[in-house]
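The values are calculated or read from the model by the stated rules, or taken from the named source; none is laboratory data. For clarity, every value in this text was computed on a predicted model and none was experimentally measured. For neighbour counting, all protein chains shown are included, and Cβ atoms are generated from backbone atoms with ideal geometry for every residue, glycine included.
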Amino acid sequence: MKSYDAIFIHPPKNTLVPKSMNSHFARGTYIFVPMGTFAIADLLEKEGFSVKIINYPLEKILNPHWDLQKHLKEFEFELCGIDLHWLHNSYGAIEVAKSVKHVNPNAKVLFGGFSASYYHDEILNHFKVVDGIVRGEGEIPFLQYLREYKKGSDLSNVSNLTYRNTCGSIKVNPLSYCAKTLENLNFTNLSLMDHAKEYIESCKKIMGIPFNLSIGRGCPFNCPFCSGGQQSQQKLTGRIKVLLRDPKKILDDISTLYDDYKIESVFFGHGTYPATFKYWKELFGLIRNEKFDIGGDIEIWRLPFPKDMWKLYYKTFTQQNTSISISPRTLSQKVQNMIAKICDPTFKFPENQIESLIKNANLYGLTLRIWLTIGYPFQTLKDIIKDFYFTYKCFWKYGLSKSNSITFMNEPYYIFPSSPVHEQPEKFGLKLKYKSFLEVMNAFKRSKISFFYNIINYDKKHMSGVSIQNLNKLLLVSSIPMFLTASKKKKDKKKLKTNPPEL
């Protein structure tokens with residue numbers, strides 16, 4: 001029987017996984033494996049340990065008869081890491097932990113990820129099937145834990161670890177590890193995961209986003225609902241500054257994906273903003289020199305995104321499978337100004353600059369996705385109507401043309417733990433529905449598998465969570481014609497590497 005020192009399992013949102021990746025509800029399973037999981041697994045293998053990664057929702061979609069417990073009986077293992085980065089997977093993560101302990105009671109079960117880090121003490125207090133939680137950045141702590149466990153040593157020196165000792169008491173080790181360099185980590189060793197090729201294909205087909213390529217860690221901003229902002233990361237991981245990987249390492253990753261898996265596009269896991277333009281220009285230049293025939297998917301985190309960046313993006317990537325996204329969430333200047341005053345002075349997305357993005361997207365024939373959300377802090381009915389009007393105006397102006405690819409995207413937004421709004425909801429005029437981990441887990445347990453993987457965990461003064469959910473559905477439906485025409489245009493476009501047009 002095959003034996004592993006450590007296995008890693010990516011849990012589902014819900015154990016009721018759709019039976020086909022062609023299902024419209026498959027997106028709700030959230031098949032993305034956190035980028036750090038690949039780095040942790042690869043590091044353990046480099047240090048001489050045998051490792052395996054299991055993607056539960058992917059396995060279930062590929063084979064509806066696949067059963068986790070039966071699969072776990074096919075090999076032996078000592079340690080099981082379960083990612084709980086995204087809170088959507090809270091119920092699924094606990095259910096996976098129960099299955100692991102049922103099959104192998106002696107195996108140690110560790111959780112990791114932002115959400116696990118936030119609720120670390122609650123999870124250990126309520127669930128005996130979880131032996132420990134690695135908080136913050138986890139590659140070195142996981143390695144330390146495995147070494148100490150195999151030696152039978154005390155775990156008090158394992159960085160970032162919260163654990164239950166032999167007496168049953170919960171111990172919290174210092175948050176002493178935060179990576180100073182990422183150059184020794186490999187984020188693309190997909191050989192450790194079963195069905196890697198199918199995973200890459202399903203990322204795009206099911207989730208609408210290609211393989212997530214790790215660019216760096218950290219964020220200089222504090223968006224209201226996001227748990228990955230600067231303040232949140234400082235609390236959860238101890239990270240204060242942004243750390244970007246060497247562009248040559250990114251190029252190596254792309255080469256691996258391109259040569260081994262024939263990847264058609266990549267999603268860059270760090271957004272663009274003025275302070276990073278020099279970095280992106282260097283990376284784009286390296287990619288062009290290699291003449292990769294791939295698309296790119298990137299986010300604009302803060303404006304401006306000038307014309308010369310559009311030009312470089314056009315020259316670097318194929319028009320097919322390429323897009324640029326921005327998430328103002330609302331075009332209301334009033335709402336943006338109030339958020340800027342409370343948590344992030346850079347949170348400004350002027351309508352004239354959004355229109356400039358649309359103009360350049362049309363000029364270069366690249367898809368621009370604009371993400372809006374109904375139910376944002378301080379958003380009134382008047383603001384919502386204005387956002388609806390803007391989408392309709394863009395549809396009639398651009399949506400029917402064969403040469404334009406502007407799409408509006410939206411979904412209900414969950415207020416994630418450690419985000420500015422989650423920590424001080426009253427400042428933003430919102431009321432949280434769920435605060436404890438048990439409340440959160442049970443809410444996701446009750447949620448149905450749907451196209452939306454988020455639930456609404458808050459009410460506004462004049463708008464309930466149900467109303468927020470329904471209005472977001474209405475906005476999504478109203479944007480479908482533009483989304484469909486953009487999808488058709490992308491299929492019709494040829495892969496061009498010509499010199500970009502000029503205004």
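A compact table of results
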quantity	calculated
Candidates 386, 382, 348, filtered to the one that is more than 26 Å from residue 315 (Cβ to Cβ), loosely packed, with under 14 Cβ neighbours inside 10 Å and either at pLDDT 90 or above or in contact with a Ser or Thr (Cβ under 7 Å, 6 or more places away or on another chain) (or both)	382
Selection within segment 36-88 - at pLDDT 95 or above, aliphatic (A, V, I, L, M) and either closer than 19 Å to residue 134 by Cβ or within 26 Å of the chain's Cα centre (by Cα) (or both)	39, 40, 41, 43, 44, 51, 53, 54, 68, 79, 82, 84
Qualifying strands (runs of 3 or more DSSP E) (wholly inside segment 265-379; at least 1 residues being under 30 Å from residue 429 (Cα atoms) and either over 25 Å from the mean Cα position of the chain (by Cα) or in contact (Cβ under 8 Å) with a residue 24 or more places away in the chain (or both))	295-300, 323-329, 367-372
Flag if residue 135 is touching a Ser or Thr at 6+ places or on another chain (Cβ under 9 Å) and farther than 24 Å from residue 235 by Cα	no
Residue in segment 98-106 that is in a helix (DSSP H, G or I), at pLDDT 95 or above and touching a Phe, Trp or Tyr at 6+ places or on another chain (Cβ under 8 Å) present	no
Residue that is farther than 13 Å from residue 162 by Cβ and surrounded by 20 or more Cβ atoms within 10 Å (Cβ to Cβ), where the choices are 124, 68, 110	68
Qualifying positions in segment 24-59 - assigned to a strand (DSSP E or B) and not β-branched (Val, Ile, Thr)	52, 55
Lone unmet requirement of (1) aliphatic (A, V, I, L, M); (2) in a helix (DSSP H, G or I); (3) over 15 Å from residue 37 (Cβ atoms); (4) free of Cβ contacts under 8 Å to residues at least 40 places away in the same chain for residue 116	(3)
Residue in segment 53-74 that is among the charged types (D, E, K, R), in contact with a strand residue (DSSP E or B) (Cβ under 6 Å, 6 or more places away or on another chain) and in contact (Cβ under 8 Å) with a residue 24 or more places away in the chain present	no
Hey, residue 255 under 18 Å from residue 317 (Cα atoms), polar (S, T, N, Q) and at pLDDT 95 or above or not	yes
Residues of segment 128-158 satisfying the condition of being farther than 18 Å from residue 49 by Cα, surrounded by fewer than 22 Cβ atoms within 10 Å (Cβ to Cβ) and under 27 Å from the mean Cα position of the chain (by Cα)	129, 131
Residue, farthest from residue 255 (Cα to Cα), within segment 141-188, restricted to residues that are outside the structural domain of residue 79 (by TED's automatic domain parsing) and aromatic (Phe, Trp, Tyr)	177
For residue 87: the one exception among (1) out of contact with any Asp or Glu (no Cβ under 6 Å at 6 or more places or on another chain); (2) without any contact (Cβ under 8 Å) to a residue 60 or more places away in the chain; (3) hydrophobic (A, V, I, L, M, F, W, C)	(2)
Restricting segment 240-264 to residues that are touching a residue at least 60 places away in the same chain (Cβ under 8 Å) and within 20 Å of residue 322 (Cα to Cα), the residue that is surrounded by the most Cβ atoms within 10 Å (Cβ to Cβ)	263
Residue that is modelled with pLDDT of 95 or more, on the phi > 0 side of the Ramachandran plot and surrounded by fewer than 21 Cβ atoms within 10 Å (Cβ to Cβ), where the choices are 218, 208	218
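Conditions (1) out of contact with any Cys (no Cβ under 7 Å at 6 or more places or on another chain); (2) under 26 Å from residue 296 (Cβ atoms), marked per residue:
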| position | (1), (2) |
| --- | --- |
| 314 | yes, yes |
| 319 | yes, yes |
| 330 | yes, no |
| 344 | no, no |
| 356 | yes, yes |
| 369 | yes, yes |
| 394 | yes, yes |
| 407 | yes, yes |
| 415 | yes, no |
